[in-house]
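See below for the structure under consideration.
The values are calculated or read from the model by the stated rules, or taken from the named source; none is laboratory data. It should be emphasised that the depicted structure is a prediction, and the values quoted were computed from it without experimental measurement. Note that we place each Cβ from the backbone using ideal geometry, even for glycine, and neighbour counts take in every protein chain shown.
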Protein chains: 2
Amino acid sequence: MSSSRDGAGADPAELAWRAMRSLVLELHDKRAEVTDALGMSYIRAKALRSLVGGSMTMRELGAALAIDASYTTVVVDDLEQRGLVRRAVHDVDRRVKVVTITATGRAAARVAQRIMDEPPPALLALPPAELARLVATLTELVERSAAPKSEPKL
Amino acid sequence: MSSSRDGAGADPAELAWRAMRSLVLELHDKRAEVTDALGMSYIRAKALRSLVGGSMTMRELGAALAIDASYTTVVVDDLEQRGLVRRAVHDVDRRVKVVTITATGRAAARVAQRIMDEPPPALLALPPAELARLVATLTELVERSAAPKSEPKL
DNA sequence: TATAACAATTGTACGCCTACAACGACCCGG
DNA sequence: CCGGGTCGTTGTAGGCGTACAATTGTTATA
């Protein structure tokens, strides 16, 4: 019973994975920081970040946030009341509404983005060579984990 | 505006951090897997995992989960009704109740732990040398991030 | 012994999110 | 023009957590 003990995984891959999860989930909960700094729920901040790239329809925004259409209305209502977002009727199709981020909304989105992208101090203190290797390994892991849909030719 | 663009962070540390967050939060949402597999909320699964190490009082369990005393009652009520946990009055102090995990509860906790500890396939496919370097770097990051309380001597 | 302190419970109210039903306004094809 | 489909909205119900207030049973203290 030395290989499947309670909390002492000896497998290197498992060790790496647990360390990663610990860093992201426990040691540096950026999500909590964001909601705290902006005074809004995480999904609202995510909506703002989504809108930085350009205006979207309610439907598109809901899809981007993976939330229900009705809840999309609730979220946009809230953001609009805060003056972070504007709603306008689409020019050609008057059914759809186009959500556009405002200047203040953009500022809030920037704050959120900066908080989430700010690396832990320990990461900044890493020797350049070691950091470079880490980046190489991690980006490869991301690529190989992201939707391995039957290798897109190439 | 080439250094502070919208989503193209050039800083290596930032790249590493974003990759890590992407892996843990988006690409491999173990938390969702656990709640899905066990049919219970994450905090309930966390309660079970906490109890594997030994019985705890309601108060201790609440502290371990960082939840309110009243909500601790709710959680334990639920786990007890599922037969995953037992409540007993403390021998010496009859105010406190000792929560003990059952055999089935232990099995559920094991399932949860296994899901969360299971590394992404891409991580398992890494060359041993690269994996070893990754583990070394990550564990150091964890150590340096975890409560840097004025260097405990030594 | 009176009284304070503590553990657990119950109850209430709220915030956040999911899921679903129903509706009005609108577009589009027949 | 009419009927079917789409878009956004409103409403409802529920799960999950957080945060308090109040209560009961029990222990410790003055």
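Odds and ends about this structure:
- Residues located in the range A:97-119, provided they are farther than 14 Å from A:Met56 by Cβ, within 14 Å of another protein chain (Cβ to nearest Cβ) and hydrophobic (A, V, I, L, M, F, W, C): A:Ala107, A:Val111, A:Ala112, A:Ile115, A:Met116
Listed here are the residues, each with its yes/no results for (1) within 16 Å of DNA strand C (Cβ to nearest atom); (2) within 21 Å of B:Arg18 (Cβ to Cβ).
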{"residue": "A:Lys97", "(1), (2)": "yes, no"}
{"residue": "A:Thr102", "(1), (2)": "no, no"}
{"residue": "A:Val111", "(1), (2)": "no, yes"}
{"residue": "A:Pro119", "(1), (2)": "no, yes"}
{"residue": "A:Leu123", "(1), (2)": "no, yes"}
{"residue": "A:Ala129", "(1), (2)": "no, yes"}
{"residue": "A:Leu134", "(1), (2)": "no, yes"}
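- Search result, residues across the range B:63-101 that are under 20 Å from the mean Cα position of the chain (by Cα) and buried (at least 16 other Cβ atoms within 10 Å of the Cβ): B:Ala64, B:Leu65, B:Ile67, B:Thr72, B:Val75, B:Val76, B:Leu79, B:Leu84, B:Val85, B:Val99, B:Ile101
- Every residue from the range A:114-128 that is surrounded by fewer than 17 Cβ atoms within 10 Å (Cβ to Cβ) and either under 12 Å from B:Ser145 (Cβ atoms) or among the polar types (S, T, N, Q) (or both): A:Pro121, A:Leu124, A:Ala125
- Answer from A:Arg21, A:Arg59, A:Arg31 - the residue that is away from DNA strand D (no atom under 13 Å from the Cβ) and modelled with pLDDT of 95 or more: A:Arg21
- Condition broken by A:Leu84, with the remaining ones in (1) closer than 25 Å to A:Arg114 by Cα; (2) within 11 Å of DNA strand D (Cβ to nearest atom); (3) not small (Gly, Ala, Ser) satisfied: (2)
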